[in-house]
Each structure stands twice: as C-alpha cells, then as structure tokens.
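Q: Just dropping this structure here.
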Amino acid sequence: MNYRKITSALCIGMLSLAVTSPLLWAGEPGKLLMETIDKGFAILKDPSLKGDEKVQERRQKLWEEISPIFNFEEMSKRALGQHWKGRTPEEKKEFVVLFTNIMKDAYIGKTDTYSGEKVVIVSEKQDKKYATVQTKIITNKGTEISVDYNMLNNPAGCTIYDVIIEGVSLVNNYRSQFNNILIKSSYQELIQKIKAKQS
Amino acid sequence: MFVVVFTMCVCKASVWAEPSPVSEGQPSEIPQEEKTPVINKANEDGELKHTVSAGQSDNTRKEDATPADTTQEEEEPINNDVKEEPPLVKDPLQPYNRAIFTFNDKAYHYFIKPIYTGYNSMIPEKARVSVRNFFTNIKMPVRFFNCLFQGEFKGAGTEFARFVINSTVGVAGFFDPAKSKFHLEKQERDFGQTLAKHKMNSGVYIVWPFLGPSTVRDTVGLAGDAALNPLGWISYFFLTPLEGFGNYSYDTVNDLSIDKGTTYENITKPAIDPYIALQDAYVQNRIKKIKE
C-alpha cells in the first residue's frame, strides 16, 4: 500500500515538474537561448545599471552578453539573398558590419523600456543542421507575443540566424527592403542608403 | 513512474521525427545522404541563402499553402536572376500607396501621436487596458461569427463563454477574468481570414488613409467586420455620425496608446525603406494569422 502511494506521489511530482519547468525539458538550443535571455534580463534588472545616465553602459554590457548567440554573417547572407553571391569578400565583410549595426541600433535601444516582461519556451525542434525554438514574451499587461528563433545547429553551439516576431521574419523583412532597392538601383546605392541611415 | 518518463520521451521524439510539411512542387523523398554534400557546397558560397529565400517567397505567395520549414527547402532550384524572386504581394499601386503611406506617417507623427501621448499622461495604463477590454468585449460578435464561418466551433464556444464571463464577472467587459481565471484565450478571427480560408486571393496591396496597410481581400474583410460590429449598429441607430466616429477614434487611439503605436515605430524606424518594411510586416503577419 505504502509503496503504491510513494510511487504515485513520485509520478505526480515528476509530471508536475515536467509540465511546470520548461527548462527541465528544454534541449540544447532552448537551454542556450534561455541562458542568454536570463543573462540579458539580469543586466536589465541590475540596480547599479539602472537609470537614464547609465543607458550607454547598460546597452554596451547587454550587447556583449547577447550578441555572441547571433550569427550576423548568416543573417547578412540571408538578408541579401541572391545578391550575396556576386559580392567580393571585402563587400561581404563590409555588409556584415553594416547589417550588424542595423540590428544593434534597432533592437538594443528597445530594451530601455524593459518593464518585467517574461519569456517562456513553447516548443523546440532540432535536426542535424537547424533548430527552431518557439517562445513567447508575456508582457506585464498580459499580452503574449510569439517569438521564434531559427538557429543553425553547429557542433560548436547553436547560433540564431533569424527571429520571427508574430509571424514576421526579421531577415525576410530586410530582404524585401534590400531586394526592392536593388531592383531599381545598384548595390553601391544600397550601401549608401544604409550608411546614410546610420550616420 | 517509468511509464510517465517513457511517454514524455516518446511524445518528444515524435515531435522531432514528424516531417515538416513540404510545400507543393518540392521533391520530398530525397534521401538525406544525397542532400548533405549539395547543402555544404551551397553553404560555402552562399547559394543556400537565396535558395531558401526563393523557397519562402514562393511558399508565401501561395499564402494558404502549408508552411514549409526552412529545413526542408534546400532542394529549391538555384536562380541568380534578381527579378525572379516573387514579392509577397502584388503592388501595382505602389506610387499611390507610397504617397498615402507618407501621408499616414506624417499624420501619425504630427497629429495622432501627440494626441495619444497626451492621453497617456492623463490616463494610467491599467485604465487604458480596461478600456481596450471593454471594446474587445463589445466586438465579440465579429470574432464569434468569423469562428463559425471558418468552421471553428470550439473557438466560437470559447468566444461565447468569454462574453458571458467578462460581461458579468468582468464588470461589463472592463476586466478579462475569462483569460486570467479561466484561461480562455481571445480568438482573433476576422472576415479577411474567413475570405482567405474560402480560397479568396489576397489581391493587390492597398494603403488606406488613416487605416493603413491592407489588401483587396482585407478591405472586403474590413467591410464584413464592420457589418458584424455592434459598435457600428449602436452608432447607426442611436448616435449621430460624429458621435459614432468619436467612438471609433477613441477605440483606435486607446489601442495605439497601449502598444500599437510602439509596434508601428518598431517596424518603420529601423527600416532602410519603411514603406516596404511595413508592407512586408503586414503581409507576413497576415499570413501567420490565416494559417492559425
């Protein structure tokens, strides 16, 4: 009798653990992603880095923590699409730098308004080459935003090559823009436009 | 205990093992061994990127086709021609659309944003969320009927239950206990989706003054939703046109003040071409909502 009780208690315990703790059953890509997000949140919550006068310092630290998980070269390749192939190695290098800056300028500033949002893993899939981690951000207003991370599954560790927010792929969004410019004008003009934006 | 663990493992394994849906016209039975060297080669000189991109655009152009996972798309033929990558949506009205987009953008920054910023400073966020809940609750028939039209009977039931709970326990809809206490999620269903599910094509992209991005299909959808919206009926029977417009504007400004304004800026500000960025975001988001 007692044994049965213990067994069932263990069963229920394990089941509830499995259900409630996404980290427990999160595999390698999900774990890596959550660790990075947690590191980011830790910086945003750090009292010594709070306040308007610490903005630059906070953004810089955050960038150092989260940028290694992004594969900016892969993102740049995909954002340029079929135009990547015709570029010289120097042009490729320059483009990766410019695209990284677009990402940095666009998204690191968004963290200034952080107000206790939470991130949970919904599901994750992986195969030999790729991994997808579906997460959702729960805001303090109770709204849920679905954010999927597409990753390259390298032996050295997973790296993100695309972020899909509510169905909108970041890389596809930029590819549409670049394509639209490149249909009408040259690659040099595209670079000029990006540089003008960043100056 | 082991049974539980085992079941979990099996569930998880089956999720992974499940082949991702492959869009039409793609060879799906190519052995993995044959694939790999091709991919590696493609990867080195960057060709995979545009094969993936071409695949995605092709897939999204069909709109209602099953989503093809990027992992399955290496088999797309490689093409180097710039113009062969089809856009997500046809945009023959681009010169007109760009003009309206510029007008809307100016209207947003110089007229609407100052209004809602002032509104924000007077009304706390909690109250604004309550106002949104109230309007959302009133507009329940839009979601309810579109669930029915799309054959989502469970969704329609959820919407009905939400309406009953929120109208009573939620104090005339100002609160959302149906979600917070009963975990009944709002069913985002609109007439544009209904039309898409009944195989209507999206048609060309249109930007409306003040209303923003849309397509032919979603414009018809807007009209359909307006017909299902009790606010429209209340305005028609009990209010003057100006009061009705006031109601609508208030709902819109309130929505903008909570998060829609930020969303708009998040899309257009970091963009190199804000017009295309908004168009692409709109279309990608619609495709996701139709698939759901």
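The values are calculated or read from the model by the stated rules, or taken from the named source; none is laboratory data. What you see is a predicted model, and the numbers here were worked out from it, not measured in a lab. Virtual Cβ from ideal backbone geometry, glycine too; neighbours counted across all protein chains shown.
Q: Give the residue, chosen from A:Val168, A:Val120, A:Val147, A:Val133, that is of a type in the set (A, V, I, L, M, F, W, C) and under 17 Å from A:Arg78 (Cα atoms).
A: Values: A:Val120 fails: under 17 Å from A:Arg78 (Cα atoms); A:Val147 fails: under 17 Å from A:Arg78 (Cα atoms); A:Val133 fails: under 17 Å from A:Arg78 (Cα atoms).
Unique residue meeting the criteria: A:Val168.
Q: Quick one: how many residues across segment A:152-198 are aromatic (Phe, Trp, Tyr) and either more than 10 Å from every other protein chain (Cβ to nearest Cβ) or in contact with a His (Cβ under 9 Å, 6 or more places away or on another chain) (or both)? Before the answer, list the steps.
A: To start, the set of residues in segment A:152-198 that are aromatic (Phe, Trp, Tyr) comprises A:161, A:174, A:178, A:187.
Then drop every residue that is not either more than 10 Å from every other protein chain (Cβ to nearest Cβ) or in contact with a His (Cβ under 9 Å, 6 or more places away or on another chain) (or both), which leaves A:178, A:187.
Number satisfying all stated conditions: 2.
Q: Are any residues in segment B:161-197 outside any loop (DSSP other than H, G, I, E, B) and surrounded by fewer than 14 Cβ atoms within 10 Å (Cβ to Cβ), and if so, which ones?
A: Matches in segment B:161-197: B:Ala161, B:Val164, B:Thr168, B:Ser180.
Q: For B:Pro67, work out the one condition from (1) at pLDDT below 90; (2) more than 24 Å from the chain's Cα centre (by Cα) it doesn't fulfil.
A: Exception for B:Pro67: condition (2).
Q: Could you please find all residues in segment A:93-116 being free of Cβ contacts under 8 Å to residues at least 40 places away in the same chain and either facing chain B (nearest Cβ under 8 Å) or surrounded by fewer than 16 Cβ atoms within 10 Å (Cβ to Cβ) (or both)?
A: Scanning segment A:93-116 gives A:Lys93, A:Val97, A:Ala106, A:Tyr107, A:Lys110, A:Thr113, A:Ser115, A:Gly116.
Q: A follow-up question, please. Give the residue, chosen from B:Ser235, B:Ser249, that is out of contact with any strand residue (DSSP E or B) (no Cβ under 9 Å at 6 or more places or on another chain), more than 9 Å from chain A (Cβ to nearest Cβ) and surrounded by 18 or more Cβ atoms within 10 Å (Cβ to Cβ).
A: After applying the criteria, what remains is B:Ser235.
Q: Looking at the structure I just gave you, is A:Lys77 free of Cβ contacts under 8 Å to residues at least 40 places away in the same chain, touching an Asp or Glu at 6+ places or on another chain (Cβ under 8 Å), crowded, with 16+ Cβ neighbours inside 10 Å and within 12 Å of chain B (Cβ to nearest Cβ)?
A: no
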